[in-house]
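Enquirer: So that we are looking at the same thing, I have put the structure below in structure tokens.
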Amino acid sequence: MKMRAPVTAILSLLLLCAPIAYAANADLGSAAKTGAAELESAGPLAFGPDGILFVGDTKAAAIYAIDTGDRKGATKAGALNLEGVTAKLAALAGTTEDGIRINDLAVNPLSKKAYLSASRGQGDNARPAIFTVSPNGDIDLLSLSKVRYARATLTDVPDHSAKDRRDRSLRVESITDLAYVDGQLLVTGLSNEEFSSRLRSLEFPFQQIAPGTTIEIYHGSHGRWETNAPIRAFATYDIGTAPHVLAAYTCTPLVKFSLEELAMADRVTGTTVAELGNRNRPLDMVVYTQGGRDYLLTSNSARGVMKIDLAEAEKTAAITDRVPDKAGLAYETLTDLEGVVQLDRYDKDHALILIAGDSGQDLRTIPLP
Amino acid sequence: MEARRATAAFALLCSATAAVAEAEVRLELVGGGDEASFAVVGLAPALLEATSLGSLSTREWQSFFSVHVDRVESPALLGDYSADSTGLHLRPAFPPEPGVRYQLVFEPGILADLVGHPQEVDRRLTRELLIPFDAPQSTTVVEMIYPSTDLLPENLLKMYLHFSAPMSQGDSYRYISILDSQGEVEELSFLELEEELWDPRGRRLTLLFDPGRLKRGLRPHRDIGPALESGFDFALRIDPSWPDARGAPLVAEYQKRFRARPPDRKSPDPKRWRVEPPSGHSFEALTVHLDEPLDHALLHRHLTLEDAGGKIVDGRIEVGEEERSWRFFAKKAWTPGRYQLRVNPRLEDLAGNRVSRLFEVDLTEVPTVAPSAAELSIEVVIVAP
């Protein structure tokens, strides 16, 4: 405590002498550019350090790292609640409610501002947009016309694949989810030609050339069938000190594997820890700690929001037998959260959700269950 | 009384020096597309040149000039405000949309206050603008659906829908359904992904059948079974109301009828392919007869021909009827010699079984050995006629 005063004094002095250093840009590496970030689409979002926003441009098979400059700490921001958010975004973007489609939600952990990626308009008129919503409800657009950014392309190699009449490849690797972990950006994708599960790891700041490494992830089913499928959503968390990935597949097994394993192989078989059920698609995942225990909160297309105790996940061996009803981990379905379409961590004790409400879609801060 | 005061104020605003009639102040849409801006035109040059205009915040601009969708009470459009010799402009963050009703509001009194005209002015000018929506003519059709065969395995994994022009995206699953022989819709057949799998130009959509219903051992398969049941007839229906990228519906409904056959649980086997080499010095096709229908898209990508020096031969690929054959037309006349047809082990059949690996591997069975490099290469000898 005693140390704090002089440090603060030195800091203020430094800030006075070097205001430029205070407003310093976030580190985007040598590939950083300033100008118009010409996104073709704005899809999955994730925050990195210093207010850097990663945006998956699914149409262009690229990732943008954008320096939002939004670094002002707001540890005690009030709850963010906004009714009819889609209608409000539509009005600000000069269109009607059906002209706005929200693709993803991410909360800037520094400012607690919500970032919503969206597309505005349809067909030839569709434009990407990233809106910000402050805890006080102010909505703005993140300028993409003059911004500091770095871009990484996900295209593997020049391919000799099917071309359209204008000699453009028909192949697209779209992006399903993103997460930043210790200098690495993990990206899961989905090809429009190959049904497989690829997880790509990109070093950040992005390198000039390296497209990152890609591995294939298989998962078992009842100890008998081993298959490969695209990952729909994932979250990272530590088991002991080892970082792990919990991935939810399109056909709803929940699979875990270690990041260390990923670094060593080009093919990994994860452990199926649960099945999230029929007629259902996982949408978003958040990991949090409560009372010394780690939990996973996942939103689903048809089964509301589920809460899973990760300590149990660690204990659960692979699903080895046919379990007639509940497979793997026990989970709790939070029925009052029916209609959640987007979910992200808000602060230590809260999550921010986008949920179907009486007047379209609402942004709501909820206590972590 | 009110009117007279407003007129006086306008005279001031519109004409500090030369007289510009009040009627000339108008609210308009200027330009089109991405360059379009909402504008207040006909204002006095002295006002437009006021330096204080440059330092106004967006909130201040919005206090005297704003544009709203449908009702003036709805939030004002975001965009960039500016003034030039022609007037005041709001370039909206997104181009104005045809079919949307915009309400333009101009409050000269507030502007006068902000730029230093102390006169009390309370006349408000409004205008409703509807960007005309010229319903485009329907010209887009479904060109082709792959697989093209009408006998499909129960565990079919993918379908490709090819359209003659770019389509609208984001709501696709609403327009696609699988009908049983009674014409009833089969629920939840597809994996309805938020990120629809379009090609870059929006002319080909990849449809995935729900893998949960295909994979043995998973609950959806156990509880509800596959969407397609062997021995029964089905139709894939494309609703004609599906708008293309311009907003015009399709020319007509499209139905692909097919029958489901037992599941395919075997990998494609290049050893069973038959190669028909072209004659040397000709432009004939090199034809490969496959052992089963293979994935249409991957046939364009995962089979390549190399010359004796290991160089990829440049040419054009044609996939034959029912995706049972692969034809290659070299760009140049064939030089007699030895060639290698390289098979990428990721090449798939209709059920997602790769050359190198089945869609589902049964771990209780003796593992099948993945084909060796030699087995993934087929020698083709082209001789002079």
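Enquirer: Which of the residues spanning the range B:164-179 are more than 23 Å from residue A:280 (Cβ to Cβ) and out of contact with any Gly (no Cβ under 8 Å at 6 or more places or on another chain)?
Expert: Selection gives B:164, B:165, B:179.
Enquirer: Test residue B:358 against the stated conditions and say whether it is within 10 Å of another protein chain (Cβ to nearest Cβ), within 28 Å of residue B:208 (Cβ to Cβ) and part of a helix (DSSP H, G or I).
Expert: no
Enquirer: Further question: Among the residues of the range A:330-350, write down those that are part of a strand (DSSP E or B) and either surrounded by fewer than 16 Cβ atoms within 10 Å (Cβ to Cβ) or within 14 Å of the chain's Cα centre (by Cα) (or both).
Expert: Correct list: A:332, A:333, A:341, A:342, A:343, A:344, A:345, A:346.
Enquirer: Also, quick follow-up: Looking only at the range B:136-178, which residues are part of a loop (DSSP other than H, G, I, E, B) and more than 13 Å from chain A (Cβ to nearest Cβ)?
Expert: Of everything in the range B:136-178, those that are part of a loop (DSSP other than H, G, I, E, B) and more than 13 Å from chain A (Cβ to nearest Cβ) turn out to be B:137, B:138, B:139, B:141, B:147, B:148, B:149, B:150, B:154.
Enquirer: Mind telling me which of the residues A:99, A:73 ends up being over 18 Å from residue A:353 (Cα atoms) and either within 14 Å of chain B (Cβ to nearest Cβ) or buried (at least 24 other Cβ atoms within 10 Å of the Cβ) (or both)?
Expert: A:99
Enquirer: Is there a residue in the range A:18-27 that is among the aliphatic types (A, V, I, L, M), surrounded by 13 or more Cβ atoms within 10 Å (Cβ to Cβ), in contact with a Pro (Cβ under 8 Å, 6 or more places away or on another chain) and modelled with pLDDT under 95?
Expert: Yes, that holds for at least one residue.
Enquirer: Based on what the data block shows, is residue B:115 surrounded by 15 or more Cβ atoms within 10 Å (Cβ to Cβ) and either at pLDDT 85 or above or touching a His at 6+ places or on another chain (Cβ under 7 Å) (or both)?
Expert: For residue B:115, the condition - surrounded by 15 or more Cβ atoms within 10 Å (Cβ to Cβ) and either at pLDDT 85 or above or touching a His at 6+ places or on another chain (Cβ under 7 Å) (or both) - is not met.
Enquirer: Right, another one. Name the residue that is farthest from the other protein chains (Cβ to nearest Cβ), counting only residues in the range B:73-103 that are part of a strand (DSSP E or B) and more than 19 Å from residue B:53 (Cα to Cα).
Expert: The residue in question is B:103.
Enquirer: Related question: Could you check how many residues of the range B:287-323 are in a helix (DSSP H, G or I), at the interface with chain A (Cβ under 10 Å from one of its Cβ atoms) and either of a type in the set (A, V, I, L, M, F, W, C) or more than 17 Å from residue A:194 (Cα to Cα) (or both)?
Expert: Result for the range B:287-323: 3.
Enquirer: Only one residue in B:29, B:53 is in contact (Cβ under 8 Å) with a residue 24 or more places away in the chain, assigned to a helix (DSSP H, G or I) and touching a strand residue (DSSP E or B) at 6+ places or on another chain (Cβ under 7 Å), so which one is that?
Expert: Testing whether each residue is in contact (Cβ under 8 Å) with a residue 24 or more places away in the chain, assigned to a helix (DSSP H, G or I) and touching a strand residue (DSSP E or B) at 6+ places or on another chain (Cβ under 7 Å) leaves just B:53.
Enquirer: Next up: Looking at B:285, B:245, B:235, which one is of a type in the set (Gly, Ala, Ser) and under 21 Å from residue B:181 (Cα atoms)?
Expert: Being of a type in the set (Gly, Ala, Ser) and under 21 Å from residue B:181 (Cα atoms) holds for just one of B:285, B:245, B:235, which is B:235.
Enquirer: Condition first: at pLDDT below 95, polar (S, T, N, Q) and touching a Phe, Trp or Tyr at 6+ places or on another chain (Cβ under 8 Å). Can you find one or more residues in the range B:129-142 that meet it?
Expert: Checked the range B:129-142: no residue is at pLDDT below 95, polar (S, T, N, Q) and touching a Phe, Trp or Tyr at 6+ places or on another chain (Cβ under 8 Å).
The values are calculated or read from the model by the stated rules, or taken from the named source; none is laboratory data. What you see is a predicted model; the values in this text were computed from it and never measured. Methodologically, a virtual Cβ is constructed for each residue, glycine included, from the backbone with ideal geometry; neighbour enumeration extends over all protein chains shown.
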